[in-house]
């Protein structure tokens, strides 16, 4: 019986090795240095800067020193009521995080025209769980930032210089 198990295990491992599965990995960006234009207190800016430096890209302190200028504009976070209970209390919220991304080269030519990136999340709400729901809201906003960052990285990987 152990021989049969070994053969099955080897067959399974050989099948997995031959299927072509590969982790996605880091996006290959077509530039070496970047300058980010956005509000200084933007958490998305900080995440993008960390991501670029972790990927081996240099962040320039002047726009003229960078190969590309990444603009994160019109960053808006909103929270809107999605559903009310019969008694008029909020039962559900919709969170939205939107930013407009554009990329230019150092001569000012558009490499990526301004385009909005949007992430939304819905979550239930209860007055009895106020602290837990505030923590959930903060967690959802961080998750949306990560989602937007992933979308930005994919778009940056496809710019043509």
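Take the conditions (1) loosely packed, with under 11 Cβ neighbours inside 10 Å; (2) modelled with pLDDT of 90 or more; residue 109 misses just one of them, which is (2).
The residue of segment 45-84 that is surrounded by the most Cβ atoms within 10 Å (Cβ to Cβ), among those that are in contact with a helix residue (DSSP H, G or I) (Cβ under 7 Å, 6 or more places away or on another chain) and over 16 Å from residue 103 (Cα atoms), is 51. Hey, any hits in segment 121-130 for a residue that's in a helix (DSSP H, G or I), without any contact (Cβ under 8 Å) to a residue 12 or more places away in the chain and surrounded by 14 or more Cβ atoms within 10 Å (Cβ to Cβ)? No - not one qualifying residue is present in segment 121-130.
The values are calculated or read from the model by the stated rules, or taken from the named source; none is laboratory data. All figures in this text were calculated on a predicted structure; none of them were measured in a lab. Cβ atoms come from the backbone with ideal geometry, glycine included; neighbour counts cover every protein chain shown.
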